[in-house]
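J.: First the structure, then my questions, so here it is.
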Ligand SMILES: Cc1cc2nc3c(=O)[nH]c(=O)nc-3n(C[C@H](O)[C@H](O)[C@H](O)COP(=O)(O)OP(=O)(O)OC[C@H]3O[C@@H](n4cnc5c(N)ncnc54)[C@H](O)[C@@H]3O)c2cc1C
């Protein structure tokens, strides 16, 4: 498998911030994925998994790691059972299944891949529908072997899964879902309604989505708003006027700008806030998070 060097990372993220990956691999098969894992071990470099990059930004220099983006994206269906490979784009899956009368529409408007959505149990807000609602099985390469985990072993919670807590980086390959049937037109109407709501409430520009996760009951955007930080700017990173939990790259923003504005928010908001966005440093470790 081809492993490229010094590959620009900003274009592979939705916030468009970041330098270059020392090594970059895009495996299409399980064998190629194993090769990339072995390559990282040989080089003594961290392995960083990247999906659609919609929740991730990288430091501005060279990331001394092997960055891997899974390109496998096949989907199969049998009745209400859908199996999708991790590299499948979630919005594409939602639309394709709608054509077949299978309803994943509550997950409308979430950018990124199926793999990313499983790791972070992506979905609506704390009281809404999340990815885990549909999950039956997850297949992943964990500690050097392929394992298939039933849903109850995945320990899903709001934006959490067991995969985030593993000591070695798990490589999610495939997920089996049960997707309820519904009239295709009704699904498409719901997709349209949810997209419209997002257009009204969220900025559509260079962003990585919600930056913070509230620990308590009050949503993070409300805490940030109450601290008077809506519209705040450091360098070229802006706290969105439209949605106070979204950071925006106005063009030419740096990793340092992003870190500085996150620190300002954490200092200004009295209640504890967790950083939901993934910020990867040059040495391949993640800021604020235990995992990369
Ligand atoms: C405009 C906008 C709106 C958003 N709205 C929502 C929302 O409503 N709800 C929500 O939950 N999120 C939302 N997000 C955040 C983001 O879309 C989700 O977190 C998404 O699931 C991330 O998927 P990704 O493939 O882009 O992940 P990336 O950012 O590429 O990676 C995120 C995490 O997943 C891991 N990962 C990805 N693929 C794999 C794999 N195959 N194996 C192992 N690990 C992997 C990465 O290592 C990383 O830890 C939004 C983002 C944007 C930009």
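J.: State whether the residues of the range 222-243 include one that is outside any strand (DSSP E or B), closer than 15 Å to residue 268 by Cβ and within 18 Å of the chain's Cα centre (by Cα). Spell out how you get there, then give the answer.
T.: Step one: of the range 222-243, the residues outside any strand (DSSP E or B) are 222-232, 235-236, 240-243.
From the residues that got through so far, the ones that are closer than 15 Å to residue 268 by Cβ too are 222-232.
From what's left, within 18 Å of the chain's Cα centre (by Cα): none.
The answer is no; no qualifying residue exists.
J.: So which of 235, 231 ends up being more than 16 Å from the ligand (Cβ to nearest atom) and free of Cβ contacts under 8 Å to residues at least 24 places away in the same chain? Explain how you work it out, then say what you get.
T.: Values: 235 fails: free of Cβ contacts under 8 Å to residues at least 24 places away in the same chain.
Only one candidate qualifies: 231.
J.: Would you confirm whether any residue within the range 253-272 is touching a residue at least 60 places away in the same chain (Cβ under 8 Å) and assigned to a loop (DSSP other than H, G, I, E, B)?
T.: The answer is yes; a qualifying residue exists.
J.: Is it true that some residue in the range 73-81 is in contact (Cβ under 8 Å) with a residue 12 or more places away in the chain, within 25 Å of residue 141 (Cα to Cα) and crowded, with 21+ Cβ neighbours inside 10 Å? Outline the logic, then answer.
T.: Filtering the range 73-81 for residues in contact (Cβ under 8 Å) with a residue 12 or more places away in the chain gives 73-75, 77, 80-81.
Narrowing further to those that are within 25 Å of residue 141 (Cα to Cα): 73-75, 77, 81.
Narrowing the set further to residues that are crowded, with 21+ Cβ neighbours inside 10 Å leaves none.
For the range 73-81, residues in contact (Cβ under 8 Å) with a residue 12 or more places away in the chain, within 25 Å of residue 141 (Cα to Cα) and crowded, with 21+ Cβ neighbours inside 10 Å: absent.
J.: OK, next. For the range 195-227, what are the residues that are under 24 Å from residue 52 (Cβ atoms), more than 12 Å from the ligand (Cβ to nearest atom) and surrounded by fewer than 16 Cβ atoms within 10 Å (Cβ to Cβ)?
T.: Hits for the range 195-227 are 196, 200.
J.: Is the range 92-112 home to any residue that is without any contact (Cβ under 8 Å) to a residue 40 or more places away in the chain and either away from the ligand (no atom under 13 Å from the Cβ) or in the same structural domain as residue 33 (by TED's automatic domain parsing) (or both)?
T.: Among the residues of the range 92-112, at least one is without any contact (Cβ under 8 Å) to a residue 40 or more places away in the chain and either away from the ligand (no atom under 13 Å from the Cβ) or in the same structural domain as residue 33 (by TED's automatic domain parsing) (or both), which makes the answer yes.
J.: Which one of these is over 27 Å from residue 101 (Cβ atoms) and either buried (at least 18 other Cβ atoms within 10 Å of the Cβ) or in contact with a strand residue (DSSP E or B) (Cβ under 8 Å, 6 or more places away or on another chain) (or both): 159, 145?
T.: Only one candidate passes the filter, namely 159.
J.: So which residues in the range 112-128 are assigned to a loop (DSSP other than H, G, I, E, B), in contact with a strand residue (DSSP E or B) (Cβ under 9 Å, 6 or more places away or on another chain) and under 23 Å from residue 222 (Cα atoms)?
T.: Within the range 112-128, 120, 121, 122, 124, 126 qualify.
The values are calculated or read from the model by the stated rules, or taken from the named source; none is laboratory data. Being a predicted model, the structure only gives us computed values, none of them experimental. Counting neighbours? That spans all protein chains shown, and the Cβs are built from the backbone with ideal geometry, glycine included.
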